[in-house]
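Novice: The structure is given below, and queries will be raised subsequently.
The values are calculated or read from the model by the stated rules, or taken from the named source; none is laboratory data. Note that this is a predicted model, so its numbers are computed, not measured. All Cβ positions, glycine included, derive from the backbone under ideal geometry; neighbour counts span all protein chains shown.
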Amino acid sequence: MLHDSVILRVVVKLLLPPILLYALYVQAHGEYGPGGGFQAGVTVAAAMILYTLIFGVPEAQRVVPFAVVRTMVPLGVLIYGGVGIVGLMLGSHYLDYTVLAASPPDGNHIGVVLVEIGVFVTVSGTMLSIFYSFSSKIEDGEDAD
Amino acid sequence: MVAVTIGIVRLRNLFAVVMLGGIYSFLMATILYVLDAVDVSMTEAAVGAGISTVLLLATLAVTKVREAAPIHPPALPLAVALVTGAALIYASVDMPPFGDPLGPGHQHVAPEYIARVLPETHIPNAVTSVLASYRGYDTLGETTVIFTAGIGVLALLVGRRRPRRSDGASGGGNA
């Protein structure tokens with residue numbers, strides 16, 4: 001791992017807040033500009049991967065534990081599917097968002113925002129859990145040496 | 001991009017190949033950005049150049065860095081690639097001119113989406129509303145694909161760690 005270099009540690013500490021903020025912007029602004037849940041989720045995962053590369057796996061798992069990441073993988077799909085179920089229970093078709101608010105366009109808007117959150121949770125969780133399982137594999141190999 | 005591709009094919013050092021793959025993804029993202037497909041460009045830059053490069057490097061750290069010499073002579077794969085490429089080029093002759101607004105791809109459902117998106121969803125970015133609302137089933141399917149990939153990798157990598165640790169006598173400092 002690269003956690004000995006002072007320059008890298010400082011630069012990463014400076015870079016992380018803008019990356020995370022940009023991911024939030026991409027997530028929240030996805031209806032108005034380019035982006036959405038997938039892009040934001042990938043950006044957050046990339047930021048955490050950068051942190052892991054510099055500070056090591058134990059430190060990163062202290063910030064975002066593996067159990068949390070593992071739970072996020074199915075949670076996002078559940079959010080997405082749950083929005084569909086809510087539409088079903090409000091007396092419409094599956095994944096029909098028009099019944100979520102008083103007027104159909106607002107309902108559509110709310111539905112899209114919720115669904116994008118679901119996509120965000122699953123994408124960032126999946127990317128990070130894949131990376132964690134790879135990197136813990138590498139650390140295992142180093143232990144064996 | 002052609003030079004990078006030739007480099008990827010010729011090199012046997014997989015570390016350099018992974019790096020060239022990252023460069024290729026960034027070039028691809030630039031082209032997509034120039035073509036005004038900013039959503040796809042962001043995804044390509046983050047996934048193709050960022051995360052998949054890191055994941056491939058992690059894979060290299062677990063396996064070997066040098067590619068093994070091919071067992072079979074390259075004649076048959078080369079022939080397959082040439083025939084497929086020729087068929088694709090032959091098919092592209094029949095396609096409408098690039099960017100033609102009268103092309104069938106732009107006349108089918110696209111005008112209807114563009115006309116209906118703003119009054120029906122109040123979302124100015126048509127890409128987002130088509131993705132998450134009109135094509136909600138497709139995106140749910142995509143999310144499920146990512147979920148499946150995630151649990152697949154977890155089942156392969158995390159599940160195998162436990163027996164390995166129990167037969168290794170010195171399994172120690174792993175918090």
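Novice: Return yes when residue B:29 is buried (at least 18 other Cβ atoms within 10 Å of the Cβ) and of a type outside the set (Ser, Thr, Tyr) and no when it is not.
Specialist: Values: buried (at least 18 other Cβ atoms within 10 Å of the Cβ): yes; of a type outside the set (Ser, Thr, Tyr): yes.
The answer is yes for residue B:29.
Novice: When you go through B:100, B:39, B:94 one by one, which is the residue that is of a type in the set (Asp, Glu) and within 20 Å of the chain's Cα centre (by Cα)? Full working, then the answer.
Specialist: On the way: B:100 fails: within 20 Å of the chain's Cα centre (by Cα); B:94 fails: within 20 Å of the chain's Cα centre (by Cα).
Among B:100, B:39, B:94, only B:39 is of a type in the set (Asp, Glu) and within 20 Å of the chain's Cα centre (by Cα).
Novice: Let me ask something else. Checking residue B:102 against (1) surrounded by 10 or more Cβ atoms within 10 Å (Cβ to Cβ); (2) at pLDDT below 85; (3) within 30 Å of residue A:36 (Cβ to Cβ), which test does it fail?
Specialist: All conditions pass for residue B:102, except number (1).
Novice: For residue B:45, are the conditions met, namely being under 24 Å from residue B:157 (Cα atoms), facing chain A (nearest Cβ under 10 Å) and part of a helix (DSSP H, G or I)?
Specialist: No: the conditions fail for residue B:45.
Novice: Going by the conditions given, is residue B:27 touching a helix residue (DSSP H, G or I) at 6+ places or on another chain (Cβ under 6 Å) and at pLDDT 85 or above?
Specialist: Criteria not met by residue B:27.
Novice: Please enumerate the residues belonging to the stretch A:126-145 that are facing chain B (nearest Cβ under 7 Å) and at pLDDT 80 or above.
Specialist: A:126, A:127, A:129, A:130, A:131, A:133, A:134, A:135
Residue by residue, here is whether (1) away from every other protein chain (no Cβ under 13 Å); (2) within 21 Å of residue A:48 (Cβ to Cβ); (3) hydroxyl-bearing (Ser, Thr, Tyr) holds:
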position: B:18; (1), (2), (3): yes, yes, no
position: B:25; (1), (2), (3): no, yes, yes
position: B:30; (1), (2), (3): yes, no, yes
position: B:50; (1), (2), (3): no, yes, no
position: B:58; (1), (2), (3): no, yes, no
position: B:65; (1), (2), (3): yes, no, no
position: B:76; (1), (2), (3): yes, no, no
position: B:81; (1), (2), (3): yes, no, no
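Novice: Quick one: which of A:41, A:125 is closer than 30 Å to residue B:120 by Cβ, of a type outside the set (Ser, Thr, Tyr) and surrounded by 19 or more Cβ atoms within 10 Å (Cβ to Cβ)? Spell out how you get there, then give the answer.
Specialist: Working: A:125 fails: closer than 30 Å to residue B:120 by Cβ.
Every option except A:41 fails the conditions.
Novice: Determine the pairs where a residue that is without any contact (Cβ under 8 Å) to a residue 24 or more places away in the chain and facing another protein chain (nearest Cβ under 10 Å), located within the stretch A:87-107, has a partner that is assigned to a loop (DSSP other than H, G, I, E, B) and β-branched (Val, Ile, Thr) with Cβ atoms under 9 Å apart, the partner being 6 or more residues away or on another chain.
Specialist: A:105/B:123
Novice: For the stretch A:26-43: of the residues being within 10 Å of chain B (Cβ to nearest Cβ) and part of a helix (DSSP H, G or I), which is nearest to the chain's Cα centre (by Cα)?
Specialist: Our first condition is that a residue be within 10 Å of chain B (Cβ to nearest Cβ); within the stretch A:26-43, this holds for A:26, A:29-43.
Now narrow it down to the ones that are part of a helix (DSSP H, G or I): A:26, A:37-43.
Details: A:26: 12, A:37: 8, A:38: 8, A:39: 9, A:40: 7, A:41: 4, A:42: 7, A:43: 8 Å.
Checked the stretch A:26-43; the qualifying residue nearest to the chain's Cα centre (by Cα) is A:41.
This table checks each residue for (1) loosely packed, with under 14 Cβ neighbours inside 10 Å; (2) touching a Leu at 6+ places or on another chain (Cβ under 9 Å); (3) modelled with pLDDT of 85 or more.
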| residue | (1), (2), (3) |
| --- | --- |
| A:64 | no, yes, yes |
| A:70 | no, yes, yes |
| A:79 | no, yes, yes |
| A:91 | yes, no, no |
| A:99 | no, yes, no |
| A:103 | yes, no, no |
| A:107 | no, yes, no |
| A:111 | no, yes, no |
| A:114 | no, yes, yes |
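Novice: Could you please find all residues in the stretch B:105-149 being among the polar types (S, T, N, Q), surrounded by fewer than 18 Cβ atoms within 10 Å (Cβ to Cβ) and touching a helix residue (DSSP H, G or I) at 6+ places or on another chain (Cβ under 7 Å)?
Specialist: Step one: filter the stretch B:105-149 for residues among the polar types (S, T, N, Q), giving B:107, B:121, B:125, B:128-129, B:133, B:139, B:143-144, B:148.
Now drop any that are not surrounded by fewer than 18 Cβ atoms within 10 Å (Cβ to Cβ), which leaves B:107, B:144, B:148.
Within the stretch B:105-149, B:144 is the sole residue that qualifies.
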